[in-house]
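Contents: one structure, followed by commentary.
The values are calculated or read from the model by the stated rules, or taken from the named source; none is laboratory data. Predicted model, so just to flag it, every value in this text is computed and none were measured. Here the Cβ is made from the backbone with ideal geometry for all residues, glycine too, and neighbour counts use every protein chain on show. Surface areas here come from the heavy atoms of the whole protein model, side chains and all, with no ligands, DNA or RNA. Shrake-Rupley method; radii C 1.70, N 1.55, O 1.52, S 1.80 Å.
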Amino acid sequence: MRVRPLTDELAAGRLERVTQEQQRVVQADPVFDSVDEELSRVRALLVRLEEAPRSVELATSLNRSITGLARHSTRAVFEFLRELAGLPVLERARDQNDWPCRAAALSTWLELGYPYALELTPEDLQYVREHTPGGGTAWLNVTWVLAVFSALLNVPATLFVLASLLSLDLRDLLFALPTALMSVHAIALAATVQLKRPRATNVTWLQRLGAIGLLGPVAAVLSMIPLGVGGACLLVGCLPMGLASISALAAASTLKKLDR
């Protein structure tokens, strides 16, 4: 089966037509018919995506159709995916999981196996690795939200204590220092997380900040004895820090597994 350049199909605004001889082959071969039907579905979605490149719903449907092509390791599918991966619209379009359509095409190309996967460039393989669906994205999102919440909770408290520094006693200063440390931790953790490119997140720093953050709630519990109410307030401030740290460790673990 001859696959016309996708750019020509999009410019003409029509799908590829088969000859009468090809139609007879399709009717006689159920496998061929299945492949042709799936390719046509992808082309139809591609035409619609060209008209609405920001549509998450269309991008999600397109990615599902593209990944379904991995079942057919044929020359026609290979040629189709190679042309598909070169379309600029696929790099801009992202599905509901923030997975670029181009990454879906390259990932499916890779799943075709030998010999087609050998024609992927190192840059293509790196792009696939950096845009793995579900590659820690959910945990990173949770980590970022909790880190921002921790910062919003502790930064104002730290500034308030510092602004009143002259009128505070030692007990109040013991309250200011932990909030300042939690503020620094929250800002550093939020800055480490890369939401748009999860695989670009520094896993080592994510693990370190996660481990350090777990010490906060423990220290807050111990401080409740000398500080009383102040220690209880510190514990409240440490809860987002502790939860963000647990989420950061989970995200780091997921990202490390994807790199194996």
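For the range 190-212, what are the residues that are in a helix (DSSP H, G or I), modelled with pLDDT under 85 and β-branched (Val, Ile, Thr)?
Filtering the range 190-212 for residues in a helix (DSSP H, G or I) gives 190-192, 198-200, 203-212.
If we keep only those that are modelled with pLDDT under 85 too, we end up with 198-200, 203.
The answer is Val203, and nothing else.
Applying the condition of being open to solvent by 70 Å² or more (accessible area, probe 1.4 Å) and at pLDDT 75 or above to the range 215-260 and asking which residue is nearest to Leu177 (Cα to Cα) yields Leu215.
Out of curiosity, is Leu162 surrounded by fewer than 18 Cβ atoms within 10 Å (Cβ to Cβ), assigned to a helix (DSSP H, G or I) and modelled with pLDDT under 70? Explain how you work it out, then say what you get.
Numbers: surrounded by fewer than 18 Cβ atoms within 10 Å (Cβ to Cβ): yes; assigned to a helix (DSSP H, G or I): yes; modelled with pLDDT under 70: no.
No, not satisfied.
If we keep just the residues of the range 120-132 that are without any contact (Cβ under 8 Å) to a residue 40 or more places away in the chain, of a type outside the set (Ser, Thr, Tyr) and assigned to a helix (DSSP H, G or I), which is surrounded by the fewest Cβ atoms within 10 Å (Cβ to Cβ)? Only one residue tops the list, namely Pro122. Of the residues screened, Ser107 is one that is modelled with pLDDT of 85 or more and open to solvent by 20 Å² or more (accessible area, probe 1.4 Å). Residues considered: Glu91, Glu50, Glu83, Glu37. Of these, the only one that is free of Cβ contacts under 8 Å to residues at least 12 places away in the same chain, surrounded by 15 or more Cβ atoms within 10 Å (Cβ to Cβ) and assigned to a helix (DSSP H, G or I) is Glu91. Can you find even one residue in the range 134-157 that is at pLDDT below 80, under 22 Å from the mean Cα position of the chain (by Cα) and open to solvent by 30 Å² or more (accessible area, probe 1.4 Å)? Yes, the range 134-157 has at least one match.
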